[in-house]
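Read the structure below first, then the notes.
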């Protein structure tokens, strides 16, 4: 995501993607890299074991030994945040992968095929969109066993319809392009046209949407965990940490503040990157 | 049946009851070039597309045979075979007709495999040679070649697939004058060497006069005049044809 080779052979997708277009978006990208690295390298970076309650060291304020202090059972908050990033990012990646895969597949089929196929797919999509997303997620999460997998499923169920809509509108416009006519004219069967022409040429806005959504998914999963429906102790997860620390806010602010900041920073970083990508890919600027 | 590669009788294309093109008779034989001329909206492109069954949501009546295939009653499978392998369409905007995310070589290879062409590499190399394109272009993406190159690639694709008929919809109008000459040169040579039947839709009478044997002039969906190119262009009998000719610079 950060490097860009500029040989004449670059693929069109990469050609239109970054060089990161503006400093703000570049800042977002750097933040994301930092967050991802911190999460991936957590076992090496973390100063303490992830689940190591030390009752005698409960609720210590930030210090040289515990930069972000310790929580209500005496675990190092910095360590929990590093490991929590793994959970939160995994949830985000999994939700977006499932949503985009299901949503884009249905979307390109609907957009390309049109007619009753599109009507059926889009009406089903509308049904899902008719429910308030968080409410639907909550309902699902309540019914299922609380846990990371439940969070992923509960959020993905409310997230895919957006990708279906996006991909359907892109595919519908691409289906009328001359190169699709040309492929049809060459006798290429519809599934191959969708796979080779409609899909690759519909993906750019999906990529933008993915980076815009990553922050939203992290916030939603934090909300579910916060309500006790997501990750469970002793799993480290940012939303869960905020929930457990909230009663301590007035007395031991660090327990809730630092995980809250982690959520904020990550969501913010994905948002500015997505915004930057969207600007960079704006057809009014991209047309050449 | 006659030996015309394209043969249309009483062709009538309409959208929702409104007739947009009506051609009583159109024949193109091997090695022959017929041009349909007329202004935008005269129904000439619609006529061309309907010959391959490519008009969407249109009602078509009459009889159309292309390479012996009855287009209006043929099965989807027979149509696919016809369109790919025997009758090729060359479009107005060469870049728009090439999928931006696919290298030219990949595109051609897939098309050849789809139609069961054997000896793909040799066929590709020969087709590129025939249209005077460097084989190196096969490694490029559409945005990395010029309009003239893209258009010649489209013709190379048709040849590689073994097309007997090329239907070209304004094949040069999106190109510079010098590049137009290249493309026309390639078309003319292939027509002679390979006995291609060429159906050309164009509003460019200068182009038409250099390549077409016969001309159909269309206006508002109807054929107003037809005949040998030399006669129609030299002694137009219909006022509209005269108007078109006078509009030439």
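The values are calculated or read from the model by the stated rules, or taken from the named source; none is laboratory data. Keep in mind it's a predicted model, so treat the numbers as computed, not measured. Note: ideal-geometry Cβ built from the backbone for every residue, glycine included; neighbour counts use all protein chains shown.
Listing for the model above:
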read-out	value
Total residues in the range B:42-77, condition in contact (Cβ under 8 Å) with a residue 40 or more places away in the chain, closer than 20 Å to residue B:170 by Cα and assigned to a loop (DSSP other than H, G, I, E, B)	4
Residue A:152 vs. criteria more than 30 Å from residue B:80 (Cβ to Cβ) and away from chain B (no Cβ under 14 Å)	yes
Any hit, the range A:181-195, residues being more than 9 Å from chain B (Cβ to nearest Cβ) and outside any helix (DSSP H, G or I)	no
Condition met for residue A:278 (within 14 Å of chain B (Cβ to nearest Cβ) and assigned to a helix (DSSP H, G or I))	no
Yes/no for residue A:86 being within 21 Å of residue A:242 (Cβ to Cβ), surrounded by 14 or more Cβ atoms within 10 Å (Cβ to Cβ) and at pLDDT 90 or above	yes
Residues (in a helix (DSSP H, G or I), farther than 24 Å from residue A:271 by Cβ and in contact (Cβ under 8 Å) with a residue 12 or more places away in the chain) located in the range A:30-65	A:45, A:55, A:56, A:57
Residues within the range B:115-170 that are more than 30 Å from residue B:65 (Cα to Cα), buried (at least 17 other Cβ atoms within 10 Å of the Cβ) and either under 23 Å from the mean Cα position of the chain (by Cα) or more than 11 Å from chain A (Cβ to nearest Cβ) (or both), tallied	8
Which numbered condition residue A:160 misses (of (1) modelled with pLDDT of 90 or more; (2) within 14 Å of another protein chain (Cβ to nearest Cβ))	(2)
Total residues in the range B:101-114, condition modelled with pLDDT of 85 or more and either surrounded by 19 or more Cβ atoms within 10 Å (Cβ to Cβ) or within 8 Å of chain A (Cβ to nearest Cβ) (or both)	9
Subset of the range B:85-96 [over 13 Å from the mean Cα position of the chain (by Cα) and within 8 Å of chain A (Cβ to nearest Cβ)]	B:85, B:96
Some residue of the range A:103-122 being within 21 Å of residue A:221 (Cα to Cα), buried (at least 19 other Cβ atoms within 10 Å of the Cβ) and in contact (Cβ under 8 Å) with a residue 60 or more places away in the chain	yes
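Results for (1) under 30 Å from residue A:139 (Cβ atoms); (2) surrounded by 20 or more Cβ atoms within 10 Å (Cβ to Cβ); (3) more than 22 Å from the chain's Cα centre (by Cα); (4) touching a residue at least 24 places away in the same chain (Cβ under 8 Å), shown as yes or no for each residue.
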position: A:186; (1), (2), (3), (4): no, yes, yes, no
position: A:203; (1), (2), (3), (4): no, no, no, yes
position: A:213; (1), (2), (3), (4): yes, yes, no, yes
position: A:217; (1), (2), (3), (4): yes, yes, no, yes
position: A:222; (1), (2), (3), (4): yes, yes, no, yes
position: A:228; (1), (2), (3), (4): yes, no, no, yes
position: A:238; (1), (2), (3), (4): yes, yes, no, yes
position: A:256; (1), (2), (3), (4): yes, yes, yes, no
